[in-house]
Structures are given as structure tokens and as C-alpha cells.
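The structure appears below as C-alpha cells.
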Amino acid sequence: MKSFTKISKLLLSTIITALCLSWLLYYVQSLILADVTNAKPFHFLKIYSRCLTVVLFVFVYIYIKKITKRSFLEFGLQKDENSFKMLSSGFLFGIFSMIVLIMIQFFTRESILETSNWNPKFYFDLVFQLFVVFTIAVVEEWFFRGFVYSELKMDLGVPKAVILSSAFFAITHFVRPTTHWQVLIPEFFGLFLIGVILTNAFEYSKSLYLSIGIHAGWVYVVKLDKYFINHFDSVLQKTFGGEKLLKSIPAWILILLILFFLKRFVLLIQTKKTKGLSIERRIV
């Protein structure tokens, strides 16, 4: 339980430090804006979210350099001849699966096509969001799968490490202002399943490139669908409210199907690569 204990202490220290820093910044903000009319102060949870991110990566950097004494690349980012194939295949797979989900929601009338938001900014976002989504995917996959999952797996084994790291992944996405706590229930379940898929993608491929690609593909569609689609969750909105794709029952079913076929998808990519190398060797 050595690694599990270290990770637990690291996360607890991060949460406490971020809370203290957030309260300090929130207090300073209240002093600065005390005499300002029509001031719009940051919500405490928004400040905490930013502090948590900064403190977390500072502490993780110290942990890796001082305790594990390993390079950042050793946590799933080592390149080989299969890396780009995994990355690109994962990205296309993520886009395709998200489009399938949206099509299902059209059919079940949980989403509608809406082009009123169309504007020239779409062409800029088409390119700019590629940078954004891959940055998000690399950072989150490295931390949640490459670092947290890998460290937990050494002590707890694969099943428990998958569950704990996926639950942690889901919980960390809730640090935001909300007036309806009920909205977190279906979101947590959907995000937990997403975490399980991405962790298994890492486990099956033994590399982060596939999970980075899938993660980036999903987020890319989510970033762009605002130009075309209105998600209103006709089934769950009265109970939970909100507009998140991950709250819908079709989303959960699709995620489970992806999880079922994921290992076959990884084997398919690796088999194609192996066949290609065999043909090259024969030619030589």
C-alpha cells in the first residue's frame, strides 16, 4: 500500500493547500471590491478550481522529481512506431462515437438541429479547438491515467485502480458553482464511465496516445456542436436540469458499448501495424 498511501497524502495535501489559498484570495478579493459598485467577484468555487489545478501540478512535479525520480515521459508518453497510429485512430474514434451519440439523441428527441448559432467564428474554432482539445487531453490523460492510475495499480491491482482513478476523475470535474446539486448525480455516472474507458484504453495499449486521441476527439465535438445542436435532455431535464451530453441514458448505453468493443479496437490497430511491418520486412 506504499504508493496508495503516498498518492492519498499527495491529494489530501493538495486539497488542504488549495482550500487555504482559495480562502486567502477570496478574502483579498472581498477587500479590494468592498467599495466597488456593480462589482462581479469570482465565485469561491471558481477560485478554488484554479488554485486546485495550480497547486496540484506543483505538488505532482515535486513528487515525481523528489520521490519517484522518474521523467514525465515514463508515465505513458514514451514514443514508438505505433504512437501516431494510436493517437490518430483514437481521435477519429472519439469523433465518430460522439457523432453517433448525437445522432441517437436526434432520434430520441433529446437534441435538435439548430443553426441559429452559426457564425464565421466556426472556421476559426475548427482549427483553434484542435490545439485546445489536445492540450486538455494530454494534461488530463497524463495526470489521471499516466500518473494516478499507474501509481495506484502498483499497490491495488488493475480493477481497484481503474475504479478509484475513474471516480477521482469524475469528482474533480464537479468543482464549479451550481445551484442544483442533483445535476451532479447523472454527470458523475457518465464521467465515471468515461474515466473507465480512457483508463482501459491506456491499460490495453500500454500507452497514453490512444486515450489522448479518444479524449481529444470527444472534447473536439463537444466544443464545436454548439454551432449546430441544442441539447435539452427532454427525459432527464425535469429531474436534473442542465444540458450535458453525459446525463442522457443513450450516452451511458453507448459508453458501455464502447467499453465492450474497446479491447477489440486496440487489437485491430496493433494487428494492422504488425501486418504492415511484416510486409516491409519481406520486401527488404
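Please indicate, with yes or no, whether at least one residue in region 23-38 is in contact with a Pro (Cβ under 6 Å, 6 or more places away or on another chain) and either surrounded by 13 or more Cβ atoms within 10 Å (Cβ to Cβ) or at pLDDT 90 or above (or both).
The first filter runs over region 23-38 and keeps only residues in contact with a Pro (Cβ under 6 Å, 6 or more places away or on another chain), leaving 29, 33.
After this cut, where a residue has to be either surrounded by 13 or more Cβ atoms within 10 Å (Cβ to Cβ) or at pLDDT 90 or above (or both) as well, the list is 29, 33.
The answer is yes; a qualifying residue exists.
Looking across LEU12, LEU19, one residue alone is more than 20 Å from LEU198 (Cβ to Cβ), loosely packed, with under 11 Cβ neighbours inside 10 Å and within 24 Å of the chain's Cα centre (by Cα). It is LEU12. Scanning region 59-84 for residues that are among the aliphatic types (A, V, I, L, M) and open to solvent by 70 Å² or more (accessible area, probe 1.4 Å) turns up ILE62, ILE67, LEU73. Taking the conditions (1) surrounded by 16 or more Cβ atoms within 10 Å (Cβ to Cβ); (2) modelled with pLDDT of 80 or more; (3) assigned to a helix (DSSP H, G or I) in turn, GLU187 satisfies each one other than (2).
Would region 128-147 turn up any residue that is more than 17 Å from the chain's Cα centre (by Cα) and either assigned to a helix (DSSP H, G or I) or modelled with pLDDT of 90 or more (or both)? Quick ask: steps written out before the conclusion?
Step one: filter region 128-147 for residues more than 17 Å from the chain's Cα centre (by Cα), giving 128.
Next, only the ones that are either assigned to a helix (DSSP H, G or I) or modelled with pLDDT of 90 or more (or both) stay: 128.
Yes, that holds for at least one residue.
Count of region 146-171 residues, restricted to those that are charged (D, E, K, R), open to solvent by 30 Å² or more (accessible area, probe 1.4 Å) and in contact (Cβ under 8 Å) with a residue 12 or more places away in the chain, is 1.
Only residues that are in contact with a Phe, Trp or Tyr (Cβ under 8 Å, 6 or more places away or on another chain) and among the basic types (Lys, Arg) were counted across region 2-22, and they come to 1. Within region 12-55, the set of residues being free of Cβ contacts under 8 Å to residues at least 60 places away in the same chain, among the hydrophobic types (A, V, I, L, M, F, W, C) and within 21 Å of ARG145 (Cα to Cα) comprises LEU12, ILE15, VAL54, VAL55.
How many residues, within region 85-110, are in a loop (DSSP other than H, G, I, E, B) and open to solvent by less than 40 Å² (accessible area, probe 1.4 Å)? So that I can check it myself, show each step before the final result.
From region 85-110, those in a loop (DSSP other than H, G, I, E, B) are 108-110; that's our starting set.
If we keep only those that are open to solvent by less than 40 Å² (accessible area, probe 1.4 Å) too, we end up with 110.
Total satisfying the criteria: 1.
Considering only residues of region 44-58 that are touching a Phe, Trp or Tyr at 6+ places or on another chain (Cβ under 9 Å) and either among the charged types (D, E, K, R) or surrounded by fewer than 16 Cβ atoms within 10 Å (Cβ to Cβ) (or both), which is farthest from VAL139 (Cα to Cα)? Within region 44-58, the match that is farthest from VAL139 (Cα to Cα) is PHE44. Among residues of region 202-246 being at pLDDT below 65 and of a type in the set (Phe, Trp, Tyr), the one that is farthest from GLY94 (Cα to Cα) is PHE240.
Would a scan of region 125-132 turn up a residue that is over 17 Å from LEU87 (Cα atoms) and without any contact (Cβ under 8 Å) to a residue 24 or more places away in the chain? Show your work before the answer.
Kept after step one, since they are over 17 Å from LEU87 (Cα atoms), are these residues of region 125-132: 125-128.
Adding the requirement that they be without any contact (Cβ under 8 Å) to a residue 24 or more places away in the chain leaves 127-128.
The answer is yes; a qualifying residue exists.
For ASP125, are the conditions met, namely being outside any loop (DSSP other than H, G, I, E, B), open to solvent by 20 Å² or more (accessible area, probe 1.4 Å), charged (D, E, K, R) and modelled with pLDDT under 90?
On the way: outside any loop (DSSP other than H, G, I, E, B): yes; open to solvent by 20 Å² or more (accessible area, probe 1.4 Å): no; charged (D, E, K, R): yes; modelled with pLDDT under 90: yes.
For ASP125, the condition - outside any loop (DSSP other than H, G, I, E, B), open to solvent by 20 Å² or more (accessible area, probe 1.4 Å), charged (D, E, K, R) and modelled with pLDDT under 90 - is not met.
Suppose the filter is at pLDDT below 90, open to solvent by 70 Å² or more (accessible area, probe 1.4 Å) and either under 19 Å from TYR61 (Cα atoms) or over 23 Å from the mean Cα position of the chain (by Cα) (or both); does LYS6 pass it? Break it down into steps so the answer makes sense when it comes.
Numbers: at pLDDT below 90: yes; open to solvent by 70 Å² or more (accessible area, probe 1.4 Å): yes; either under 19 Å from TYR61 (Cα atoms) or over 23 Å from the mean Cα position of the chain (by Cα) (or both): yes.
When the stated conditions are applied, LYS6 passes them.
The values are calculated or read from the model by the stated rules, or taken from the named source; none is laboratory data. Predicted, not measured: the structure shown is a model, and the values here were computed from it. Counting neighbours? That spans all protein chains shown, and the Cβs are built from the backbone with ideal geometry, glycine included. Areas reflect the complete protein model, heavy atoms only, side chains present, ligands, DNA and RNA absent. Shrake-Rupley method; radii C 1.70, N 1.55, O 1.52, S 1.80 Å.
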